[in-house]
Amino acid sequence: PLAIAMARPGRPVLPWLWLGTVVLVGAMWRDPSFDRAVFSVRRCADGRWRFRWIRWAVVTVGLALALAWLYPRLLFRLPRERPVVWSLVLLLYPWLSAVPQTLVYRVFFYHRYRALWAADWVADLAAAIAFGFMHVVFLNVWAPVLSAAGGWIFARTYRQSRSVWASALEHALYGWTVMTIGWGAFFYHGSIATVRAWIGP
């Protein structure tokens, strides 16, 4: 991430994520110890979604209030000023970003590195830190901090459910929230920049 941030500042970063996803998923797929059942849709319904929805609602209110206080001009800026880009981001974000990041920072991370930590919470914290650190490519403080907090939530969901889709769905939900409220301005060179590059100015 640091090399990408320094060598290609301000450029769309998702192609690097996609490349890394292909390489790491290929490595896992060739590993006979890899639990391919993580791709089972049935695991997504693990009985914890009521709590997850409540948590999301509380976080959403907190994020909206924080942005209104810190950066009021950014509040709902993307849907207000670029509704087409916003709509496409909502449509494509799960597949362009949430699923690949889930595969790298939850599925691969826990498959490859879970044995390094005895306690579940330490593994969750390590996954969150790794996920947050990846966001240094956006060259601001908020992207890694918010991502680390979200990464802890997504990591716990993946560890509890052992489901790609449960973690990716929750990741997408928070991503939609961030992009809609206005915090997406700090993640501009991800999904937003990619969509704008495709559809033009």
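The values are calculated or read from the model by the stated rules, or taken from the named source; none is laboratory data. Note that this is a predicted model, so its numbers are computed, not measured. FYI the Cβ positions are ideal-geometry reconstructions off the backbone, even for glycines, and counts take in every protein chain you see. The protein model used for the area step is the full one, side chains on, heavy atoms only, and it has no ligands, DNA or RNA in it. Shrake-Rupley method; radii C 1.70, N 1.55, O 1.52, S 1.80 Å.
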Just wondering, is there one or more residues in segment 165-174 that are among the charged types (D, E, K, R), in contact with a Lys or Arg (Cβ under 8 Å, 6 or more places away or on another chain) and surrounded by 21 or more Cβ atoms within 10 Å (Cβ to Cβ)? yes
Report, by residue number, each residue of segment 3-56 that is closer than 24 Å to LEU96 by Cα and of a type in the set (S, T, N, Q). THR21, SER40
Selection count where residues are of a type in the set (A, V, I, L, M) and either touching a Phe, Trp or Tyr at 6+ places or on another chain (Cβ under 8 Å) or more than 15 Å from THR177 (Cβ to Cβ) (or both), scope segment 53-88: 9
Name the single residue, out of those in segment 144-160 being crowded, with 21+ Cβ neighbours inside 10 Å and of a type in the set (S, T, N, Q), that is farthest from PHE108 (Cα to Cα). SER147
Can you find a residue in segment 166-183 that is out of contact with any Leu (no Cβ under 8 Å at 6 or more places or on another chain) and of a type in the set (Val, Ile, Thr)? no
Leading residue by the ranking (modelled with the highest pLDDT) among those in segment 17-38 that are open to solvent by 60 Å² or more (accessible area, probe 1.4 Å) and within 18 Å of the chain's Cα centre (by Cα): VAL22
